[in-house]
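Structure first, commentary second.
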Amino acid sequence: MRNKPGTPPRRRTRIATTLSAALGSIAVLAAITLVTGGSAAAATTLGASAAERGRYFGTAVAASRLNDSAYTTILNREFNQVTPENEMKIDATEPQQNQFSYGNADRIVQHARSRGMQVRGHTLAWHSQQPGWMQNMSGSTLRQAMLNHVTQVATHFRGQVAWWDVVNEAFADGGSGARRDSNLQRTGNDWIEAAFRAADAADPNAQLCYNDYNIDNWNDAKTQAVYRMVQDFKSRGVPIDCVGLQSHFTGGSNYPSNYRTTLSSFAALGVDVHITELDIRNAPSDAYRNVVNDCLAVARCKGITVWGIRDSDSWRSGESPLLFNGSGQKKPAYDAVLTALNNGTPPGGNPTTTPPGGNPTTPPPGGGCTASITPGTVWGDRYNTSVTVSGATTWTVVAAVTAPQQITTTWSGSASLASNGTVLTMRSNGSGNTFGFTTMMNGNSGARPQIRSCTAG
């Protein structure tokens, strides 16, 4: 949100069991309306319906509104997951260096857990809403302060948070696909990986997520850049479990037709996907319905969180983007969402619908193949990389390294290199589905190669 106030198997097993049990309990306890004849039941609240489908439907919560009975009535009735809106951010939890403050965040967590709701921790590392003492830091001093913050906050909430947004909004807008220029990024390109490893050590049973906005359209450079980062993390065993799409849409026209492809493509990397901060200008029923159906169609889409309860609670209150109006009355979009949830298939069934142009595991652009990286030997000044292609016998793969690194040697394919040595295009030549290359570090030891595309044929 803008301007608003190789993972260890034990983690996945434990959290999946806990979440399934919690969601099942909520589904049983929630109010239901029996259909004629008593042979089936349709849930009458968002959280209960989502739980019946093995998912959550949550909302952002502000501690200052927990004394508002109208607010908490809707919260307690409708939702089975909460995200603290601002109370876990860096300026709230560490206002002075090494002086931590958890009062408001604890209050939200206790409210949620006492009612069987899951909690999303938001967020451990972010370029925005940093306290003044952190804004004035740089280099190794900032890196250590960031890692200490991640460790301390994740440790405090250990066992109480199902998912952590470990890093938030680290990529730039526009067509560059580059990282955002921030004080954290300037500590070194490996800062995101370092934050995930610190969170994993501090709260090993929580699911660890990367969260960002404007990564909804599969064709956008920013979406592709995040995809490549996740792909790289998975190939190297960096502990990442999920990707959060904020999905702050400006209206029906802003909802991308390939949204389901985005969800399924991230899921195909072996991570869960979450819709973490949904709000849509003027709350069009069709756009809300489409988002729900897209999530239901992708097995690894674990849930949806709307960013606020009533329009008056929204950071975009002038745009009426939520499911309840300022008086707490349900809007037509609410009915569309509940109907879509109730029409969804429970766990073990088939996806609700087929995504546009393909099935729920639509491959990345370039069609028909995927390429995965395996790190090779590392020397003092260079390293090797192996790439394995699946899904096609003839293919073209584009891989890139970060300057000043340069690719110098290739094998097992027909190669062409960009003039500066940072982009490799490799074509199959009958020598198999694995190729490799050597990269000179040239002083940059932190960055690693990324796959830009894999094209069959």
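The values are calculated or read from the model by the stated rules, or taken from the named source; none is laboratory data. Note that the structure is a prediction, hence the values are computed from the model and not measured. Cβ placement follows ideal geometry from the backbone for every residue including glycine, while neighbour counts extend to all protein chains displayed. Surface areas here come from the heavy atoms of the whole protein model, side chains and all, with no ligands, DNA or RNA. Shrake-Rupley method; radii C 1.70, N 1.55, O 1.52, S 1.80 Å.
If the condition is being acidic (Asp, Glu) and either touching a Ser or Thr at 6+ places or on another chain (Cβ under 6 Å) or within 20 Å of VAL401 (Cβ to Cβ) (or both), then the stretch 214-238 contributes ASP216, ASP232.
For the stretch 163-179, the set of residues classified as in contact with a Phe, Trp or Tyr (Cβ under 9 Å, 6 or more places away or on another chain) and either over 17 Å from GLN246 (Cα atoms) or of a type in the set (Val, Ile, Thr) (or both) consists of VAL166, VAL167, GLY177, ALA178, ARG179, listed by residue number.
Scanning the stretch 394-436 for residues that are over 30 Å from the mean Cα position of the chain (by Cα), within 24 Å of ARG179 (Cα to Cα) and not small (Gly, Ala, Ser) gives GLN406, ILE407, LEU417, ASN420. Scanning the stretch 139-190 for residues that are surrounded by fewer than 15 Cβ atoms within 10 Å (Cβ to Cβ) and in a helix (DSSP H, G or I) gives GLY139, SER140, THR141, GLN144, ASN148, THR155, ARG186.
Annotation note: Cβ proximity below 8 Å between a residue of the stretch 330-344 that is modelled with pLDDT of 95 or more and a residue that is charged (D, E, K, R) and open to solvent by less than 40 Å² (accessible area, probe 1.4 Å) (sequence gap 6+ or interchain) occurs for LEU341/ARG53.
So is TRP163 closer than 24 Å to VAL226 by Cα, among the hydrophobic types (A, V, I, L, M, F, W, C) and in contact with a helix residue (DSSP H, G or I) (Cβ under 9 Å, 6 or more places away or on another chain) or not? Even if it seems obvious, please write down each step before you answer.
Details: closer than 24 Å to VAL226 by Cα: yes; among the hydrophobic types (A, V, I, L, M, F, W, C): yes; in contact with a helix residue (DSSP H, G or I) (Cβ under 9 Å, 6 or more places away or on another chain): yes.
Spelling it out, TRP163 is indeed closer than 24 Å to VAL226 by Cα, among the hydrophobic types (A, V, I, L, M, F, W, C) and in contact with a helix residue (DSSP H, G or I) (Cβ under 9 Å, 6 or more places away or on another chain).
Can you tell me which residue within the stretch 251-283, out of those that are more than 11 Å from the chain's Cα centre (by Cα), assigned to a helix (DSSP H, G or I) and not hydroxyl-bearing (Ser, Thr, Tyr), is nearest to ALA371 (Cα to Cα)? Spell out how you get there, then give the answer.
Taking the stretch 251-283 first, the residues more than 11 Å from the chain's Cα centre (by Cα) are 251-262, 264-265, 268-270, 278-283.
Then keep just the ones that are assigned to a helix (DSSP H, G or I); that gives 252-254, 259-262, 264-265.
Narrowing further to those that are not hydroxyl-bearing (Ser, Thr, Tyr): 252, 254, 260.
Details: GLY252: 34, ASN254: 30, ARG260: 21 Å.
It comes out as ARG260.
Scan the stretch 376-390 and give yes if some residue there is more than 20 Å from ASP232 (Cα to Cα), at pLDDT 90 or above and not in a strand (DSSP E or B), otherwise no. No: zero hits. Residues that are in a helix (DSSP H, G or I) and either open to solvent by 10 Å² or more (accessible area, probe 1.4 Å) or within 16 Å of VAL153 (Cβ to Cβ) (or both) are absent from the stretch 203-220 altogether. When VAL82 is tested against the conditions (1) more than 18 Å from THR151 (Cα to Cα); (2) touching a helix residue (DSSP H, G or I) at 6+ places or on another chain (Cβ under 8 Å); (3) of a type outside the set (Phe, Trp, Tyr); (4) assigned to a helix (DSSP H, G or I), the lone failure is (4). Identify the residue in the stretch 284-313 that is open to solvent by less than 10 Å² (accessible area, probe 1.4 Å) and in a loop (DSSP other than H, G, I, E, B) and, among all such residues, is nearest to LEU263 (Cα to Cα). My answer is VAL298.
Residues checked against (1) on the phi < 0 side of the Ramachandran plot; (2) in a loop (DSSP other than H, G, I, E, B); (3) out of contact with any Pro (no Cβ under 9 Å at 6 or more places or on another chain):
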position	(1), (2), (3)
SER64	yes, no, yes
ASN67	yes, yes, yes
THR72	yes, no, yes
LEU75	yes, no, yes
SER101	yes, yes, no
ASN104	yes, no, no
ILE108	yes, no, no
HIS111	yes, no, yes
GLY116	no, yes, yes
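The rows are residues; the columns are (1) within 26 Å of LYS302 (Cβ to Cβ); (2) among the hydrophobic types (A, V, I, L, M, F, W, C); (3) within 24 Å of the chain's Cα centre (by Cα).
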{"position": "GLN130", "(1), (2), (3)": "no, no, yes"}
{"position": "GLY139", "(1), (2), (3)": "no, no, no"}
{"position": "ASN148", "(1), (2), (3)": "no, no, yes"}
{"position": "THR151", "(1), (2), (3)": "yes, no, yes"}
{"position": "ALA162", "(1), (2), (3)": "yes, yes, yes"}
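Would you confirm whether any residue within the stretch 377-389 is open to solvent by 60 Å² or more (accessible area, probe 1.4 Å) and under 28 Å from the mean Cα position of the chain (by Cα)? No, every residue in the stretch 377-389 fails to be open to solvent by 60 Å² or more (accessible area, probe 1.4 Å) and under 28 Å from the mean Cα position of the chain (by Cα).
Just name the residue that is farthest from SER49 (Cα to Cα) out of those in the stretch 314-347 that are in a helix (DSSP H, G or I) and aliphatic (A, V, I, L, M). Full working, then the answer.
From the stretch 314-347, those in a helix (DSSP H, G or I) are 317-319, 332-343; that's our starting set.
Pick out the ones that are also aliphatic (A, V, I, L, M) and you get 333, 336-338, 340-341.
On the way: ALA333: 15, ALA336: 13, VAL337: 10, LEU338: 7, ALA340: 9, LEU341: 6 Å.
Ranking the candidates gives ALA333 first.
Can you pull out every residue in the stretch 94-133 that is among the hydrophobic types (A, V, I, L, M, F, W, C) and buried (at least 19 other Cβ atoms within 10 Å of the Cβ)? Lay out the reasoning, then the answer.
In the first step, residues of the stretch 94-133 are kept if they are among the hydrophobic types (A, V, I, L, M, F, W, C); the result is 100, 105, 108-109, 112, 117, 119, 124-126, 133.
Correct list: ALA105, ILE108, VAL109, ALA112, MET117, VAL119, LEU124, ALA125, TRP126.
So which residues in the stretch 84-103 are among the acidic types (Asp, Glu) and under 18 Å from GLN135 (Cβ atoms)? The answer is ASP91, GLU94.
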